[in-house]
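First up is the structure itself, then whatever we jot down about it.
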Amino acid sequence: MGLEETFEVLLARRRDAGRLRRLNFNPPGLVDFSSNDYLSLAENTEIQRNVLAKLERRVSTTKQDQAVIQGEHRRILGSGGSRLLDGNSPLAEGLERKIAAFHGAPAALLFNSAYDANVGLLSCAPQRGDVVLFDEAIHASIHDGMRLCRASQCISFSHASITGGGEAESSTAPSIDSVLKEITAAGYPNTGIRDGSSNVFICVEGVYSMDGSVLRARDLVKTVKTHLPRGNGHIIIDEAHSTGVMGTRGRGLVCESGFEKDIWARVHGFGKAMGCAGGIVLCSPTTRAYLINYARTFIYTTSMTFPSLVCIDAAYDYLADGRAEQPHGHLLQLVHFAHQLLRDICNNRRAPSDAYDLIRVGEDAPGSPILPIFTTQPRNLASFCQLRGYMVRPIVAPTVPVGTERVRLCLHAKNTVEQVKGLGDVIKEWIRIQSQTAVAAATTKELGGLGKTTASRPRL
């Protein structure tokens with residue numbers, strides 16, 4: 001079989017399983033309950049005007065004015081190469097210092113995406129003999145980084161043990177406490193973990209994109225310090241989905257918890273609430289220098305362009321000035337309203353039988369703008385909502401474990417109470433139709449059974 005034929009077989013197999021991915025466009029006019037633009041900054045006209053003004057100043061700068069800016073190039077559309085060759089600039093280094101200060105970190109290093117940041121960090125930081133512990137629900141970028149790293153072991157632990165959530169997950173992974181007890185026990189082969197000569201990297205997320213659960217940072221830090229008192233436990237937190245929506249002025253979960261000095265590295269993404277693109281690693285100056293020398297996703301790639309840096313800079317100005325406080329407050333109110341609405345829908349529905357579970361949402365109020373609606377029919381429900389003007393997305397295996405399929409509802413500062421109510425009405429309509437269909441199917445089956453019984457009776 002040739003290569004193309006092999007691809008066709010694999011694609012057909014995924015298509016038959018209902019897991020084939022396709023590129024598509026969002027039809028215009030749909031209410032956005034899907035994108036990661038939580039603060040709606042990507043559509044913010046104030047930020048857009050600020051970006052355009054900076055670009056215009058760049059274009060109109062005279063040669064004499066330009067000469068004052070030491071080492072600065074007038075490139076706008078391209079960066080010139082990697083940061084180590086021709087792609088570095090005072091703007092990039094100034095932005096790194098600005099972001100590090102905003103998040104209370106000693107230093108920072110920009111990457112083209114948070115994905116690149118995670119892969120670059122995980123692929124080069126662990127050394128031979130080190131161990132990586134990771135949440136079973138961690139992002140794919142961490143898995144890719146671990147595949148490239150030199151750690152002696154990579155061990156998963158249960159998602160619920162660090163978030164207290166994930167009630168829809170049926171996990172067989174041990175808790176992080178159990179894993180740490182095991183690798184620090186007297187009989188464990190790697191004695192370097194106990195004496196502090198081997199490092200343990202613990203990989204988690206601030207907010208998890210598929211279920212919206214929030215890391216219990218205080219418990220995690222306490223657990224790691226208890227089991228690794230020699231200071232060789234290094235926590236890495238991916239804050240891609242907590243940037244902008246947690247902490248004072250959107251500084252993130254670590255700043256909200258006050259553990260800036262207890263977390264070894266933080267990865268912040270700009271493609272979610274910040275409304276831009278790119279990522280950054282917050283770390284020590286030594287770690288920054290190490291990444292510049294060893295992180296392949298930093299070394300061997302073209303750096304971000306001037307417009308990308310300007311967009312990030314403008315978004316951070318918006319947060320730092322407190323202008324996002326009002327939309328952020330509205331977003332929090334909307335999250336609680338939507339959760340209560342969905343809870344009421346779940347509690348008030350009358351399913352044909354106890355086994356016929358149409359939708360389910362978590363009982364506790366969410367700590368993020370992400371609300372998963374668990375259902376055995378995610379594609380059906382999502383399509384129904386989309387046809388009625390509401391963009392939500394189905395999340396199915398292998399993105400989430402089999403049996404935990406869901407529709408992912410993302411709320412945004414631009415959304416309104418009326419839009420949430422409208423989506424709730426559509427979901428109730430879908431439940432009503434599904435219930436009627438189930439009742440009709442059960443009745444048909446029952447009548448069919450009666451027919452067979454009657455036909456089999458002997459004539460008198």
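The values are calculated or read from the model by the stated rules, or taken from the named source; none is laboratory data. Because the structure is predicted, anything quoted here is derived from the model rather than measured. So basically every Cβ, Gly included, is an ideal-geometry build from the backbone, and we count neighbours across all protein chains shown. All accessible areas refer to the heavy atoms of the entire protein, side chains included, with ligands and DNA or RNA removed. Shrake-Rupley method; radii C 1.70, N 1.55, O 1.52, S 1.80 Å.
What percent does the relative contact order of the chain come to when contacts are Cα pairs within less than 8 Å and at least six residues apart?
Here the relative contact order equals 20 percent.
Couplings for region 190-203, taken from phi via the Karplus curve 6.51 cos²θ - 1.76 cosθ + 1.60 with θ = phi - 60°, read 7, 6, x, 5, 6, 8, x, 7, 10, 9, 10, 9, 10, 9 Hz in order; Gly and Pro are left as x.
Expressed in nm to one decimal, what extension gain is obtained for the pair Tyr188 and Ser435 from 0.36 nm per residue of sequence separation less their Cα-Cα distance?
Gain in length upon complete extension: 83.5 nm.
So how do 171-177, 121-127 stack up, highest first, on mean other-Cβ count within 10 Å?
On the way: 171-177: 16.6, 121-127: 23.1.
Result, highest mean first: 121-127, 171-177.
Coupling constants for region 325-339 follow from the phi torsions by the Karplus curve (6.51 cos²θ - 1.76 cosθ + 1.60, θ = phi - 60°), and in residue order they are 4, 5, x, 5, x, 4, 4, 4, 4, 5, 4, 5, 5, 5, 5 Hz; glycine and proline get x. Three principal axis extents of region 321-415 based on alpha-carbon atoms, in descending order, are 51, 28, 27 Å. Relative to the dominant Cα principal axis of the chain, helix 3-16 is inclined by about 50°. Each residue, His336 and Thr6, gets one label point 7 Å from its Cα in the Cβ direction; the gap between the two is 5.6 nm.
Add -39500 (n - 2.57) for each DSSP H run of 4 or more in the chain, then divide by its residues: what number comes out at 222 nm, to the nearest 500 deg cm²/dmol? Before the final figure, lay out the partial values.
Numbers: 17 runs with 204 residues, N = 460.
The helix-only estimate for the chain comes to -14000 deg cm²/dmol at 222 nm.
Amide H contacts of Phe33 (H built 1.01 Å from N, in plane; Pro and chain starts excluded): Met391 sit under 5 Å, all sequence-distant by 5 or more or on other chains.
The spacing between region 209-227 and region 301-328, judged by their C-alpha centroids, is 28 Å. Note on region 251-391: Cα-Cα pairs beyond 20 Å make up 67% of the total pair count. If the viscosity is 1.306 mPa s and the temperature 10 °C, what Stokes-Einstein diffusion coefficient in µm²/s follows for region 391-432 when Rh is the Kirkwood radius over Cα pairs? This corresponds to a translational diffusion coefficient of 133 µm²/s. Checking the a/c ratio against 1.5 first, then a/b against b/c, what shape does the Cα gyration tensor give for region 194-255? Prolate is the answer for region 194-255, as a/c is 1.5 or above and a/b outweighs b/c.
Assuming R0 = 51 Å, what is the FRET efficiency of Arg49 and Asn293, from their Cβ-Cβ distance, to the nearest 0.05?
On the way: r = 39 Å, r/R0 = 0.77.
That gives a FRET efficiency of 0.80.
Radius of gyration over Kirkwood radius for the chain, both on Cα atoms: the Rg/Rh ratio is 1.04.
Convert 10 °C to kelvin, take the viscosity as 1.306 mPa s, use the Kirkwood radius over C-alpha pairs of region 211-292 as Rh, and evaluate the Stokes-Einstein diffusion coefficient in µm²/s, rounded to a whole number. Show your work: numbers first, answer last.
On the way: Rh = 13.6 Å.
Translational diffusion coefficient: 117 µm²/s.
Which order do you get for Val402, Val9, Val132, Val396 if you rank them by accessible area with a 1.4 Å probe, largest at the top? Present the calculation step by step, with values, prior to reporting the outcome.
Working: Val402 105, Val9 60, Val132 0, Val396 30 Å².
Highest to lowest solvent-accessible surface, that is Val402, Val9, Val396, Val132.
Along region 269-278 the Karplus relation, 6.51 cos²θ - 1.76 cosθ + 1.60 evaluated at θ = phi - 60°, assigns HN-Hα couplings of x, 9, x, 9, 5, 6, x, 10, 8, x Hz to successive residues, with x for each Gly and Pro.
Across region 87-165, Cα-Cα distances exceeding 15 Å account for 65% of all pairs.
Considering only protein heavy atoms, what per residue accessible area in square angstrom results for the chain with a 1.4 angstrom probe?
Averaged over the residues of the chain, the accessible area is 50 Å².
The angle separating the long axis of helix 378-387 from the principal Cα axis of greatest extent in the chain is about 80 degrees. Measure nothing fancy, just the Cα-based angle from helix 306-320's long axis to the longest principal axis of the chain, in degrees from 0 to 90, nearest 10. Approximately 80 degrees, to the nearest 10.
Using a 1.4 angstrom probe on the protein heavy atoms only, line up Arg83, Arg230, Arg393, Arg150 by accessible area, largest first.
Numbers: Arg83 35, Arg230 160, Arg393 70, Arg150 100 Å².
Putting Arg83, Arg230, Arg393, Arg150 in descending order of accessible area: Arg230, Arg150, Arg393, Arg83.
In straight-distance terms, cross-link reach from Lys54 covers every one of the aspartates and glutamates whose alpha-carbon lies under 12 Å from its own, apart from those fewer than eight places away in the same chain; here that gives Asp313. Computed over every Cα-Cα pair of region 1-155 and binned at 5 Å starting from 0, the pair-distance distribution P(r) comes out as 1, 6, 8, 10, 13, 15, 14, 12, 9, 7, 3, 1, 0 percent. Annotation: amide H-H contacts under 5 Å for Ala107 (H modelled 1.01 Å from N, sequence separation of 5 or more, or interchain): Cys283.
Distant-in-sequence amide contacts of Gln153, defined by a placed amide H-H separation under 5 Å and a gap of 5 or more residues or a different chain, comprise Val132.
Rolling a 1.4 angstrom probe over region 222-341 with all protein chains present gives an accessible area of which 50% lies on carbon and sulfur atoms.
For a protection proxy built on the mean count of beta-carbon atoms within 10 angstrom, sort 282-288, 368-374 highest first, please. Provide the component values of the computation, followed by the final result.
Values: 282-288: 18.1, 368-374: 23.6.
In descending order of packing, they fall as 368-374, 282-288.
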